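Working notes, beginning with the structure itself.
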Amino acid sequence: MPTSLTLPLDDEAVRSLHVGDEVLFSGRMITAREAAHRALLRALDPAVKGLVEGRFIYHCAPVVAQDPATHAWRFAAAGPSVSLREEPYQAEVIARYGVRGVVGKGGMGPATLAALAGHGAVYLHAVGALAVTLARRVVRVHGVHRLDELGVREAIWDIEVKDFPAIVTMDAHGESLHATLEREAEAARALLERTSL
């Protein structure tokens with residue numbers, strides 16, 4: 001049975017999560033990819049900090065549509081992006097902006113894992129093949145930041161989600177499912193090399 005989370009989260013709620021936990025989360029979060037992370041580190045953005053503090057960053061390049069009459073935005077596709085591109089920036093963004101979770105696919109590296117443990121945050125893996133289904137979990141687009149500077153896919157979208165599904169694959173206790181799988185794969189490769197000699 002998945003754990004239901006409502007954003008924002010405090011330290012206790014985040015540290016109660018562990019690798020392998022299935023979650024459904026609801027509330028506001030932002031999208032941000034590599035270009036947005038670089039922009040956020042050039043100078044602290046108080047508006048974005050207010051949006052993301054205690055909440056999640058979603059590594060996502062959405063497909064969006066705008067209603068010609070109302071000018072309201074909606075997400076047509078919202079699949080996760082590969083997170084490793086953000087590894088050089090993620091730890092500092094977590095620290096500066098008070099991020100409690102990072103959503104993406106594929107996991108992240110040791111610097112991010114250390115930041116998750118140090119600042120009380122988690123990494124959540126979202127299923128990449130469900131871009132249209134995940135877009136249906138985006139119930140409202142509150143706004144967009146840096147659209148002119150970064151373009152639609154790289155902009156920082158302020159969105160609200162309802163029952164967004166994900167699995168905790170890196171937790172605030174220093175555990176990483178991705179690192180475990182890599183170690184197991186390396187051990188299997190070494191065993192194959194030894195037995196094929």
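The values are calculated or read from the model by the stated rules, or taken from the named source; none is laboratory data. Note that the structure is predicted; figures quoted are calculated from it, not measured. When we count neighbours, we look across all protein chains shown, and the Cβ atoms used for this are built from the backbone with ideal geometry, even at glycine. Accessible surface areas use protein heavy atoms only, side chains included; no ligands, DNA or RNA. Shrake-Rupley method; radii C 1.70, N 1.55, O 1.52, S 1.80 Å.
Using a Gaussian network model of the chain in which every pair of alpha carbons under 10 angstrom is joined by a spring, one finds that among ARG146, ARG33, ARG42 the greatest mean-square fluctuation is at ARG42.
Divide by every residue of the chain the summed helix terms, -39500 (n - 2.57) for each DSSP H run of at least 4, and state the resulting mean residue ellipticity at 222 nm, rounded to the nearest 500 deg cm²/dmol. Estimated from H runs of four or more residues: -10000 deg cm²/dmol. A simple count of charges around ILE167, restricted to other residues whose Cβ falls under 12 Å of its Cβ and scoring Lys, Arg +1 and Asp, Glu -1, yields -2. GNM on the chain, alpha-carbon springs under 10 angstrom: the most fluctuating residue among THR133, THR112, THR31 is THR133. For the residues GLU92, GLU175, GLU12, a GNM of the chain with alpha-carbon springs under 10 Å puts the largest fluctuation on GLU12. Length gained on full extension, GLU22 to VAL132, computed as 0.36 nm times the residue gap minus the Cα-Cα distance: 37.6 nm. With protein chains left intact and a 1.4 Å probe, residues in the chain average 48 Å² of accessible area per residue. Basic side chains Lys and Arg get +1 at the Cβ, acidic Asp and Glu get -1 at the Cβ, and with that the dipole of the range 1-85 about its Cα centre reaches some 380 debye.
Shown for the chain are the DSSP H helices of 20 Å or more along their axis, judged by Cα atoms, with a mean Kyte-Doolittle hydropathy of at least -1.0: 177-195. Rounded to the nearest 5, the antiparallel percentage of DSSP beta bridges internal to the chain is 60%. Other residues whose C-beta falls under 10 angstrom from the C-beta of GLY20 contribute a net charge of -4, scoring Lys and Arg +1 and Asp and Glu -1.
Rounded to two decimals, the Cα-based Rg/Rh of the chain, with Kirkwood Rh, is 1.01.
How high is the FRET efficiency from ILE167 to LYS49, r the C-beta distance, R0 30 Å, rounded to 0.05? For R0 = 30 Å, the calculated efficiency reads 0.65. Compute the FRET efficiency between GLU34 and VAL63 as 1/(1 + (r/R0)^6), taking r as their Cβ-Cβ distance and R0 = 30 Å, and round to the nearest 0.05. About 0.95, to the nearest 0.05. The share of accessible area on the range 1-67 that comes from carbon and sulfur is 50 percent, using a 1.4 angstrom probe.
Here the chain is treated with +1 on each Lys and Arg Cβ and -1 on each Asp and Glu Cβ, and its dipole about the Cα centre works out to around 420 debye.
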